[in-house]
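Enquirer: Structure in structure tokens, see below.
Coordinate-derived values only; no laboratory data. Since this is a predicted model, take the numbers as computed values, not measurements. Counting neighbours? That spans all protein chains shown, and the Cβs are built from the backbone with ideal geometry, glycine included.
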Amino acid sequence: MYSYYDVLYITNNFKRIIGKGGFGTVYLGFIDDTPVAVKMLSSSAVHGYQQFQAEVKLLVSVHHKNLISLIGYCNEGTNKGLIYEYMAKGNLREHFSGKHNESPILSWKDRLRVAVDAAVGLEYLHNGCKFPIIHRDIKSSNILLDEHFQAKLSDFGLSKVFPDDETSHVSTIVAGTLGYLDPHYHSSNRLTQKSDVYSFGVVLLEIITNQSVMAGNEETGHISERVNLMISKGDIRAIVDSSLEGNFDIKSAWKAVEIAMVCVSPNPNERPMMSVVMSELQEALATELARTNHNNGFSVDTEFMP
């Protein structure tokens, strides 16, 4: 645990803001010349302290390459903060909103790698921990990217730990983000792993299309409705982000779209488990890698030979 004095020193008196959200403000800091992100709890944050406690409890016991690492925390009176590893490329949403103008457009290969990373992290929460964990707020702004564009899930303040492996759902007050929130969970208060799967499907549609989650009129406002209309026309190039200029494998793109759409099925029973989503996305990535390797004059096997 770090004292408030430590936090002041680490952040150079909160000199540089690198992000803001409902929880509070995020500052750049340094510990022994290593950059870190310091998220300070705002006194006006609704349920902020409960989320602070939940995140500390979870991240001190759960570790994975595709989950953000908690370095430490400060809990000194009204001064409460979380210290994370620094993710140099920000969050995924920023790359689609134009905030990272200095970064090149994410290629189809890189988008699939980000999707696979996020899927692997979420699958670990569901199946790799002592007890299943539901993230409950999967969205593109909660997927962070390091300097190598490896993706990691973040923001575990709303996460729920299931009491045992046999529990299929918990009844809880609805929480999450509009557009990403599972409509079945919203109407029933029954939280399951499939609630996270729905949210992940929405993120995958963002990755594919580079469209806003909510836009347009009520009938076609949600990204899944808009993509569904385009699917009926059978033109994958009309669905995938036009900034890619068709530079992607068509079979790979269709597979990604199919995965996303089954994830956002209104019926939770029709949604796949994250283990299936992860496997299917890895196949889509392998197909795209085969195309890019062929175009570069390499075979899939020889690219990784010493």
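Enquirer: Between I223, I31, I259, find the one with the highest GNM mean-square fluctuation for the chain; connect C-alpha pairs within less than 10 Å.
Expert: Of the options given, I31 has the highest mean-square fluctuation.
Enquirer: Related question: Filter K89/K255; K139/K160; K15/K39; K130/K255; K139/K251; K39/K65 down to the pairs with a C-alpha to C-alpha distance above 24 Å, please. Before the final figure, lay out each step's value.
Expert: Working: K89/K255 27 Å; K139/K160 16 Å; K15/K39 13 Å; K130/K255 32 Å; K139/K251 26 Å; K39/K65 20 Å.
Pairs exceeding 24 Å: K89/K255; K130/K255; K139/K251.
Enquirer: Take peptides 283-292, 52-61 and line them up by average Cβ neighbours within 10 Å, highest first, as a rough protection proxy. Show your work: numbers first, answer last.
Expert: Details: 283-292: 18.6, 52-61: 16.9.
Highest to lowest by the protection proxy: 283-292, 52-61.
Enquirer: Still on this structure: Once both axes come from the Cα atoms, what is the angle between helix 108-127 and the longest principal axis of the chain, in degrees from 0 to 90, rounded to 10?
Expert: Approximately 60 degrees, to the nearest ten.
Enquirer: I've got another one for you. Have a look at the DSSP beta bridges in the chain and tell me what percent are antiparallel, nearest 5.
Expert: Working: 31 of 32 bridges.
Counting only bridges with both partners in the chain, antiparallel ones make up about 95 percent.
Enquirer: Let me ask another. Pull up all non-local amide H partners of Y73: gap of 5 or more, or a different chain, and H-to-H distance under 5 Å with H placed in the peptide plane.
Expert: Here Y2, I83 satisfy the definition.
Enquirer: Another question, then. Through the Karplus equation 6.51 cos²θ - 1.76 cosθ + 1.60, θ set to phi - 60°, convert the phi angles of segment 267-283 into ³J(HN,Hα) values in whole Hz; use x for Gly and Pro.
Expert: Once θ is set to phi - 60°, the couplings for segment 267-283 become 8, x, 5, 8, 7, x, 6, 5, 4, 6, 4, 4, 5, 5, 5, 5, 5 Hz.
Enquirer: Using a 10 angstrom cutoff on alpha carbons, build the Gaussian network for the chain and name the most mobile of G48, G29, G90.
Expert: Among G48, G29, G90, the largest mean-square fluctuation in the Gaussian network model of the chain belongs to G48.
Enquirer: Something else about it: Go ahead and estimate [θ] at 222 nm for the chain from helices alone: -39,500 (n - 2.57) per DSSP H run with n ≥ 4, summed, over the residue count, rounded to 500. Present the calculation step by step, with values, prior to reporting the outcome.
Expert: Details: 11 runs with 121 residues, N = 306.
It lands at -12000 deg cm²/dmol.
Enquirer: Between rounded, prolate and oblate, where does segment 1-131 land on the alpha carbon gyration tensor, with a ≥ b ≥ c its root eigenvalues, rounded for a/c under 1.5, else prolate if a/b exceeds b/c?
Expert: Note, shape of segment 1-131 comes out oblate.
Enquirer: Report ³J(HN,Hα) in whole Hz for each residue of segment 229-239, in order, from the Karplus equation J = 6.51 cos²θ - 1.76 cosθ + 1.60 where θ = phi - 60°; Gly and Pro get x.
Expert: For segment 229-239, the Karplus-derived couplings read 5, 6, 4, 4, 8, x, 10, 5, 5, 7, 8 Hz, x marking Gly and Pro.
Enquirer: I would also like to ask the following. Compute the long axis of helix 48-59 from its Cα atoms, compare it with the longest principal axis of the Cα atoms of the chain, and write down the angle in degrees, 0 to 90, nearest 10.
Expert: Once rounded, the angle reads 70 degrees.
Enquirer: Now, a different point. Just to be sure I understand: with springs between alpha-carbon atoms less than 10 Å apart, which residue in S187, S69, S265 has the highest mean-square fluctuation in the Gaussian network model of the chain?
Expert: Per the Cα network of the chain with a 10 Å cutoff, S187 tops the list.
Enquirer: Next question, about the same structure. Would you mind calculating the gained length between L178 and K65 on full extension (0.36 nm times residue separation, minus the Cα-Cα distance), in nm to one decimal?
Expert: On the way: separation 113, 0.36 × 113 = 40.68 nm, distance 2.79 nm.
This chain segment gains 37.9 nm when fully extended.
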